[in-house]
Every structure is written in structure tokens, then in C-alpha cells.
1. Being open to solvent by 100 Å² or more (accessible area, probe 1.4 Å) and at pLDDT 85 or above is the filter here; which residues of the range 59-99 pass it?
2. Before we move on, is residue 56 modelled with pLDDT under 85 and out of contact with any Pro (no Cβ under 8 Å at 6 or more places or on another chain)?
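The values are calculated or read from the model by the stated rules, or taken from the named source; none is laboratory data. In this text the structure is predicted, and so the values were computed from the model without any measurement. Methodologically, a virtual Cβ is constructed for each residue, glycine included, from the backbone with ideal geometry; neighbour enumeration extends over all protein chains shown. Remember, those area values only see protein heavy atoms, side chains included, never the ligands or the DNA or RNA. Shrake-Rupley method; radii C 1.70, N 1.55, O 1.52, S 1.80 Å.
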Amino acid sequence: MIYSQFQQAQLRNRLSGARGWASFAVGILFLALILIALPFILLLGAISFVTLALFGRVFLKRQLARFRQQQAKDLNQQAQDIDASPSQGRTFEHNPNEK
């Protein structure tokens with residue numbers, strides 16, 4: 001018969017006996033470890049998220065204050081430069097004899 005290999009139960013021979021029980025035990029152990037470790041992994045992720053969020057908020061607040069201080073300093077410097085410099089452009093004086 002052409003399909004004789006399909007009539008043999010190769011899977012049953014492959015996963016039988018001690019090897020089958022060992023693979024079953026490893027699978028159950030793996031699932032148990034995942035279920036035990038999952039809450040701790042989620043807790044670690046939540047703590048990391050909160051820590052980064054608070055640190056980011058403090059860091060951005062400090063950076064924004066520094067930026068505003070620099071911006072105010074630049075505006076004061078520009079105001080002093082405008083006051084100190086002579087007026088730009090041409091000045092025409094009125095001559096009453098001109099027509």
C-alpha cells in the first residue's frame with residue numbers, strides 16, 4: 001500500500017513511556033512557573049511605569065522652568081539692546097524755508 005506510513009502510530013511511539021511523562025511534567029512545570037511569576041512581572045512593570053512617570057514629570061518641570069528662565073533672560077537682553085541702540089532709519093528735520 002502506498003500510504004502505509006500513515007497506518008503506523010509513530011506519534012504514539014515517540015511520546016510514550018518515560019519521555020512522554022517527562023515532557024508532560026516539563027510542560028506543567030513551565031505553566032506553573034509562568035502563572036507564579038506573572039503577578040510579579042506585572043507588579044514590576046507597574047512600579048516601573050509609575051516611577052518613570054513621576055521622574056518624567058519632575059524632569060520636565062525642571063526643564064520647563066530652565067527654559068522659561070532662559071527665555072526671560074533673552075527677552076530682557078533684547079529689551080536692553082533696543083533701549084541702548086540709536087533709532088534706526090532716517091530722520092528728517094523740518095525746515096520752514098523749504099517749499
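1. Hits for the range 59-99 are 60, 61, 62, 66, 67, 68, 69, 73, 75.
2. no
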